[in-house]
Amino acid sequence: MRIAFGFDIFYPETNGVITTTINLANNLVALGHEVYFFVPEDKQFTDTVIENNIHIIRVKALSTPIYKGIKVLPVQSWYLKKYFLKYKFDVIHCTSPWLVCQAMNHCARRMHIPVLATHHTLIDNPIYIKYALKSTALANIAQKPIWPIVFDPFFRLVWMVTAPNKETCKNIKEHLPDLEVRYVSNGIEIERFKKTPSGTPLKEVPEGFIDENTFIYIGRLGYEKAIDVAIKGFAKAIEKNPKLKFLIIGEGPAHKELIELVQELNLDEKNIYFTGLIDNHRLIDSGVLKKAVAFITASLSENQAITVIEALCSGCPVICANVFNMTALVDKDSGWYFEGGNIDDLAEKILYVSSHREERDQKSANAIKSIDKYDGKKIAKEFESIYLELIEKKKQGFYVVDGEKKAIQYENN
């Protein structure tokens, strides 16, 4: 098969959607398929082929202040038509509901090409809406209409939707009961986690910072990740145990404000250290996740966080908010829950974990047992089966809303 993926954010930005989709694409190529990525153009990223022979098609785009990496795309489906004609894609796989994927949706409808969408990001969460509206109050008001404004027009053109969280699948079905929705997990390259890491020190981390008192966060430093809550909770824990340390690895729009927050709390780099972005392969190979006491995330907006999966597969138990999208990923045998947004409760959990090492080690062992269910090779075969199913639906004459009409108009023109 020849499969085209659509992205609305791509390199030089990094996020879990990009990471998991590249893993899927690499495994699809290994299964003998051709894979193409439609991505917004960026002067800092000019590659035409990446990874395991994944082809890159850059779409003209303009930067926007709404969200770092999101761009305005002065194109519609007609712009993509030449690529669809040239490569004759068998399946389109969209990773977001924004402009690149919208254009691919419309083009696919005209050319009667099956479209699968994976609902990765919970953008109906008010914290994402706040990026655009710059107001918490307006974001809360806008939460309800985002489905009819954004999701409904997008999903009505796709043939099937997958999501890496069962509760997310239920939420989609509640809004769009006639749409076929399936749960498919995100995948990772589990072989990297089954082998013993080299232990090569990370040059970005001060010597001696990682010890028996070090907790860790890895991921995008976005406002939606609630890293400020994690820092405030950690600061309260440090008041009772000054030996505690928090290593924060990643980059993002909230970076500067988070550093300022640490300073406001009268803490310094001896307690909380920001490394900036570190290459994922070096990160895993260093064994830093195996050395940390626990992974801390205060996010309320995750669907299925790749860095949390990587932590679990490394044997690093997780402290997370007690919300459905996190508890579906981190069970009580591999982590601890705190009340979302409650920094006092988070501080208590940090102190508890730091003083109960036997329980921590048992949860570490339990976390590693989950590794096989995130095997990227198995998940690629799940998607392969879905693609073949959609192609069969096409042969049987399936069309999305107005699809047959649009296809006839296209053929006549």
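Helix 357-368 against the longest principal axis of the chain: what's the angle in degrees, Cα atoms only, rounded to the nearest 10?
Roughly 20 degrees, rounded to the nearest 10.
As a check on your grasp of the helix formula, calculate [θ] at 222 nm for the chain: sum -39500 (n - 2.57) over DSSP H runs of n ≥ 4, divide by the residue count, round to the nearest 500.
Values: 18 runs with 174 residues, N = 413.
Rounded to the nearest 500, it is -12000 deg cm²/dmol.
Dipole magnitude of the chain about its Cα centre, charges +1 at Lys/Arg Cβ and -1 at Asp/Glu Cβ only, in debye to the nearest 20?
Roughly 1060 debye, rounded to the nearest 20.
Could you list His93, His119, His112 so that the one with the fewest beta carbons within 10 Å of its beta carbon is first and the one with the most is last?
Arranged by neighbour count, lowest to highest, His93, His119, His112 become His112, His119, His93.
If R₀ is 45 angstrom, what is the calculated FRET efficiency for the pair Asp228 and Asp47, using the beta carbon separation as r and rounding to 0.05? If you can, show how the numbers build up before the last one.
Values: r = 35 Å, r/R0 = 0.77.
Once rounded, the FRET efficiency stands at 0.85.
As an exercise, use a Förster radius of 41 Å and the Cβ-Cβ distance of Val150 and Leu267 to find the FRET efficiency, rounded to the nearest 0.05. Please report the intermediate quantities before stating the final value.
Details: r = 39 Å, r/R0 = 0.96.
With a Förster radius of 41 Å, E is 0.55.
Rank Ser334, Leu99, Ile218 by how far each Cα sits towards the positive end of the charge dipole of the chain (+1 on Lys, Arg Cβ; -1 on Asp, Glu Cβ) and give me just the farthest.
Of the candidates, Leu99 comes out farthest on the positive side.
Starting from the amide H of Phe215, placed 1.01 Å from N in the peptide plane, find each other amide H under 5 Å away whose residue is 5 or more places distant or on another chain.
Here the answer is Lys245, Phe246, Leu247, Val293, since their amide H atoms fall under 5 Å of that of Phe215.
Given Ala321, Gly287, Ala298, which one lies farthest toward the positive end of the charge dipole of region 191-372, if we put +1 on the Cβ of every Lys and Arg and -1 on the Cβ of every Asp and Glu?
Gly287
What ranking of Met326, Met104, Met1, Met160 emerges when the number of other C-beta atoms within 10 Å of each C-beta is taken as an exposure proxy, fewest first?
On the way: Met326 24, Met104 27, Met1 15, Met160 19.
Neighbour counts put them in this order, fewest first: Met1, Met160, Met326, Met104.
So if each residue of separation counts as 0.36 nm, and I subtract the Cα-Cα distance between Glu239 and Thr196, what length gain in nm does that give? Could you put the intermediate results ahead of the total?
Working: separation 43, 0.36 × 43 = 15.48 nm, distance 3.55 nm.
The span from Glu239 to Thr196 would gain 11.9 nm if fully extended.
From the phi angles alone, apply the Karplus equation (6.51, -1.76, 1.60; θ = phi - 60°) to region 234-239 and give each ³J(HN,Hα) in whole Hz, x where the residue is Gly or Pro.
Computed from phi, the couplings for region 234-239 are 5, 4, 5, 5, 5, 4 Hz.
Gain in length, Leu388 to Ile141, computed as 0.36 nm per residue apart minus the alpha-carbon separation, to one decimal in nm?
Values: separation 247, 0.36 × 247 = 88.92 nm, distance 4.08 nm.
Separation in residues times 0.36 nm, less the Cα-Cα distance, equals 84.8 nm.
Between Lys86 and Val184, what FRET efficiency comes out of the Förster formula 1/(1 + (r/R0)^6) with R0 = 25 Å and r the beta carbon distance, rounded to 0.05?
Details: r = 29 Å, r/R0 = 1.17.
For R0 = 25 Å, the calculated efficiency reads 0.30.
What is the set of long-range amide H partners of Cys94 at a cut-off below 5 Å, with H atoms built 1.01 Å from backbone N?
Here the answer is Gly6, Leu116, Ala117, Thr118, since their amide H atoms fall under 5 Å of that of Cys94.
Note down the magnitude of the dipole of region 191-372 about its Cα centre, charges +1 on Lys and Arg C-beta and -1 on Asp and Glu C-beta and zero elsewhere, to the nearest 20 debye. Please report the intermediate quantities before stating the final value.
Working: 22 positive and 28 negative charges, 91 e Å.
Roughly 440 debye for region 191-372.
Could you tell me which of rounded, prolate or oblate describes region 191-372, using a ≥ b ≥ c as the square roots of the eigenvalues of the alpha-carbon gyration tensor, with rounded for a/c under 1.5 and, failing that, prolate when a/b is larger than b/c and oblate otherwise? Working shown, then result.
Working: a/c = 1.32, a/b = 1.13, b/c = 1.16.
Rounded, since a/c falls under 1.5.
If neighbour count is taken as other Cβ atoms inside 10 Å, put Tyr223, Tyr217, Tyr79 in order from fewest to most.
On the way: Tyr223 19, Tyr217 26, Tyr79 14.
Final ranking by Cβ density, sparse to dense: Tyr79, Tyr223, Tyr217.
Looking at Pro201, Leu247, Pro164, which one has the Cα that reaches farthest to the positive end of the dipole of region 144-269 (charges on Cβ: Lys, Arg +1; Asp, Glu -1)?
The Cα lying farthest towards the positive end belongs to Pro164.
Where a number appears in this text, it was derived from the coordinates with a stated rule and is not lab data. The structure displayed is predicted, hence computed values, not measured ones. When we count neighbours, we look across all protein chains shown, and the Cβ atoms used for this are built from the backbone with ideal geometry, even at glycine.
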